[in-house]
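Asks: Structure incoming, see below.
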Amino acid sequence: MSEELNLVRDLAVILISAGVFTIISKALKQPLVIGYIIAGFLIGPNFHFFFNVTSAESIEQWSEIGLIFMMFGLGLEFSFKKLLKVGAGALVTAGTKAAGVFILGYVSAKAMGWTDMESIFLGGLLGMSSTAVVIKSYDDMGLKKKPFAGLVFGTLVVEDLIAIILMVLLSTMAVSNKFEGKEMVLNLAKLVFFLILWFLVGIYLIPSILKQTRKYLNDEILLLVSAGLCFGMVTLASAVGFSSALGAFVMGSILAETVESEHIEKLTHPIKDLFGAIFFISVGMMIAPSAILEHWGVILFLVFFVIVTHIIFSAVGAILTGSGLETGVRTGFSLAQLGEFGFILAGLGVSLGVMRDFIYPVIISVSVITTFTTPYMIKFGEPVHRFLAAKLPDKLLARIDTPAKKKKSAAESSVWKQLLTSYFTRILLYGVIILAIFIASKLYLVPLTAKMFPSWSGTLRDSFNAGVTIFVMIPFLYGLGVNRGSMSEQIRVLQKDSQNRLPLLGLFIARIFLVTAIITGVISSYVELAGWSILLILVAAATVIIFSRRYIKHFTALEGRFLQNLNEKETLQRKKAPVATTIGETLSEYDVRIETLELSPDSLLAGKTLRQADLRKNSGANVVKIQRGSHSFVIPGVDTVLFPGDRIIAVGSAQQLEDLKTFLKASEATGEKEKDFNVVRTDLGEESYLTGKQLGSLDMRAFHCMIISVIRGEEVFTNPRPDFVFSPGDHVWIAGETDSLHWLA
């Protein structure tokens, strides 16, 4: 069989086996991911059936594509804005878990007699949970909108970033056999630099391009463009030393800020499901029964270690952020598995010769077993929370469920704090762009000028390069030096108090020196200048950049376009749903949520008023708006009547909204079983029931039947009139319920 046919055969085996075992999983009310893993185990290299997969390399490539699409889908649902909202909590949770697991993992490996490098690698890799497994499990269980889901996803993203840093750090340690703190800091800075740069450039360019081409974008073109952007960012991330999963997530996060995000998510969902299935099947194929039998003791210990430590440290980290007992417990049980980065790091250690070969299949077995147990652990989190809530002392529960810090209103916040936050954020963002311009100048402009102007002297070329670089930087240097937006408002407030004038002057001088220092660095990197002459040039240049009106229009356009693209989705959402958006933004810090529910056509509440339905009494949630076609009822009165298909916008806590869903579901009528329907022909004789009768006098609809057509000789009467009289020999076609048809015929 040719290689191409082998590829098709393998794909057929994968998809058919996935279909069979997911049907079995669904019938047994088990998560689909378990069916995928079992299918992969049976069609892998450990069994020799006629339907085994023949090309493991192609499966690995497809599974990589599956991981890419899953991370892309996660980015579409969990944008950078959402990541920033849960950033502190996710960072603390992931950091607590990674540090705790690393220490205990290192100690455990040393106790088993492993070497120092093996212990370090094991401690690092055991702290990684699986983003792909959790996403799939949450999809299957319908948990993605739960209050704790945001913290879980945020923690997983931070863990992926930690894993990327660990890959670089552990590789360096394996080669040099020593800890390189400087290398870790540099790689962390590199990661932050590229994330900010990609986000800034992506938000500036991509929404603008989509907006300009919107009239040409049908489903097919939008799917192609989205997939192309995803794989383009994957390629770029891989080229600078990051994982493909991170690149896919970044592009998903950028597209999540566009108005097309929901449409893109809908288009890519079937592809994500298809290749995601291949990914989980490939995980099942990695199970090695021989390794399990030989090292079953180590595997069982590590499985127990991963589950227990992940639950404990994740829960503790979440509770430390003030998320509460339920979120802490549910987060811990959701993250109780060893992810794909675990065996990636194990494979790295083996390939570098610092880990023994048997460790890799052991880690894969631990990953597969904990992947298998993940859906059950997620389900087990709820009863464990109920048990702890009932058994823990009230004082301890009160402390755990009290937020770590009280949220302050805008009126209570420090204006100085807001100003400094705005300023340092601006330094970070524009500093990244300025650094990117400088790096691009060194990499591309310098060799380009050397090629284009070979007759120029070195000093002339360097001066030209420095001038071009600073010219391109001017809009962003202007942004660092001039008050913009909220900064201007904050400074006006502070200027009312004379005590703030001196600090504000100091901040102004610091900004001038910052711009001056940047220009100094750029020029000195190209041209050797010394003495007071360069200082005078730099001060003059900084003054021109800060105060010149020439650059204001250009910079305002750049900044305005970026902010417009960044906020376009929220602006559109605010216009479409002002009530839901206002409540969501105002009360996002608390357990106050808003959700849209549709009243089923079969609901027994249809036709009742809000007073009669008493949704508040049965759930605790409040109805703030009812959307009926193009009509809206904001804060509807108690006498507002509910209609089938009404979109009910309700506000309440997560539990209250869940109770409202349950109540609305319970109010749906079960309905009678539909009777059999048929179309039959009857030939009328002298004694037939219809013979001699007028159609209008029969009241056929009382029998749940109707006359469709009558054939009389050469004539055909379709839908005959009520005064039609039936005659012997007529061929009558009757449609209706089967029982009545037999009687009429």
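The values are calculated or read from the model by the stated rules, or taken from the named source; none is laboratory data. Only a predicted model underlies this, so the values are computations on that prediction, with no experimental measurement involved. All Cβ positions, glycine included, derive from the backbone under ideal geometry; neighbour counts span all protein chains shown.
Asks: Can you tell me which residue among ASP723, ASP646, ASP639 is on the phi < 0 side of the Ramachandran plot, charged (D, E, K, R), exposed (fewer than 12 other Cβ atoms within 10 Å of the Cβ) and under 54 Å from the mean Cα position of the chain (by Cα)?
Replies: ASP639
Asks: Give the number of residues within region 372-396 that are at pLDDT below 85 and assigned to a helix (DSSP H, G or I).
Replies: The first filter runs over region 372-396 and keeps only residues at pLDDT below 85, leaving 372, 389-396.
Okay, now just the ones that are also assigned to a helix (DSSP H, G or I), so 372, 389-391, 394-396.
Qualifying residue count for the region: 7.
Asks: Could I ask something else about it? Mind checking which residues of region 75-91 are surrounded by 21 or more Cβ atoms within 10 Å (Cβ to Cβ) and at pLDDT 75 or above?
Replies: Within region 75-91, GLY75, LEU76, GLY89, ALA90 qualify.
Asks: Cβ contacts < 7 Å: first residue farther than 19 Å from LYS136 by Cα, restricted to region 369-388; second residue assigned to a helix (DSSP H, G or I), any location; separation 6+ or different chain. Result?
Replies: Short answer, once both residue conditions are applied: VAL384/VAL329; VAL384/PHE333; HIS385/LEU325; HIS385/GLU326; HIS385/VAL329; HIS385/ARG330; LEU388/LEU325; LEU388/VAL329.
Asks: List the pairs whose first member sits in region 682-705 and is surrounded by fewer than 16 Cβ atoms within 10 Å (Cβ to Cβ), whose second member is hydroxyl-bearing (Ser, Thr, Tyr) and outside any loop (DSSP other than H, G, I, E, B), and whose Cβ atoms are under 9 Å apart, counting only residues at least 6 apart or on separate chains?
Replies: HIS704/SER740
Asks: What number of residues within region 633-649 satisfy the criterion of being farther than 14 Å from GLY607 by Cα and of a type in the set (Val, Ile, Thr)?
Replies: Total meeting the criteria: 4.
Asks: Just a yes or no: is a residue in region 688-701 farther than 21 Å from SER600 by Cα, of a type in the set (Lys, Arg) and in a helix (DSSP H, G or I)?
Replies: Yes: one or more hits.
Asks: Identify, please: which residue in region 21-37 is surrounded by 13 or more Cβ atoms within 10 Å (Cβ to Cβ) and β-branched (Val, Ile, Thr) and is, among those, nearest to MET141 (Cα to Cα)?
Replies: Ranking the candidates gives VAL33 first.
Asks: Within the group GLU60, GLU118, GLU64, which residue is in contact (Cβ under 8 Å) with a residue 24 or more places away in the chain, acidic (Asp, Glu), surrounded by 19 or more Cβ atoms within 10 Å (Cβ to Cβ) and part of a helix (DSSP H, G or I)?
Replies: The match here is GLU118.
Asks: Could you tell me whether region 249-271 includes any residue that is within 28 Å of PRO147 (Cα to Cα), among the aromatic types (Phe, Trp, Tyr), surrounded by 19 or more Cβ atoms within 10 Å (Cβ to Cβ) and modelled with pLDDT under 85? Give the steps one after another, and end with the answer.
Replies: Start the filter on region 249-271 by keeping residues that are within 28 Å of PRO147 (Cα to Cα), which leaves 249-271.
Pick out the ones that are also among the aromatic types (Phe, Trp, Tyr) and you get 249.
From the residues that got through so far, the ones that are surrounded by 19 or more Cβ atoms within 10 Å (Cβ to Cβ) too are 249.
Subset that is modelled with pLDDT under 85: 249.
Yes: one or more hits.
Asks: Quick one: which residue in PHE343, PHE358 is closer than 27 Å to ILE287 by Cβ, within 24 Å of the chain's Cα centre (by Cα) and modelled with pLDDT under 85? Quick ask: steps written out before the conclusion?
Replies: Numbers: PHE358 fails: within 24 Å of the chain's Cα centre (by Cα).
Residue meeting the stated conditions: PHE343.
Asks: I've got another one for you. Out of all the residues in region 570-593, is one or more within 20 Å of GLY652 (Cβ to Cβ), at pLDDT 70 or above, not small (Gly, Ala, Ser) and not in a loop (DSSP other than H, G, I, E, B)?
Replies: Among the residues of region 570-593, at least one is within 20 Å of GLY652 (Cβ to Cβ), at pLDDT 70 or above, not small (Gly, Ala, Ser) and not in a loop (DSSP other than H, G, I, E, B), which makes the answer yes.
Asks: From (1) within 27 Å of ILE437 (Cβ to Cβ); (2) out of contact with any Ser or Thr (no Cβ under 9 Å at 6 or more places or on another chain); (3) not β-branched (Val, Ile, Thr), pick out the condition that doesn't hold for LEU222.
Replies: For LEU222, the exception is condition (1).
Asks: Test LEU197 against the criterion of being modelled with pLDDT of 85 or more and either surrounded by fewer than 18 Cβ atoms within 10 Å (Cβ to Cβ) or part of a helix (DSSP H, G or I) (or both), and give yes or no.
Replies: Considered against the rule, which asks whether it is modelled with pLDDT of 85 or more and either surrounded by fewer than 18 Cβ atoms within 10 Å (Cβ to Cβ) or part of a helix (DSSP H, G or I) (or both), LEU197 comes out as no.
Asks: Restricting to region 338-356, name every residue that is over 27 Å from MET71 (Cα atoms) and surrounded by 20 or more Cβ atoms within 10 Å (Cβ to Cβ).
Replies: The answer is VAL354, MET355.
Asks: Just to be sure, is LEU156 within 22 Å of ILE65 (Cα to Cα) and at pLDDT 85 or above?
Replies: Here the answer is yes, as LEU156 does meet what is asked.
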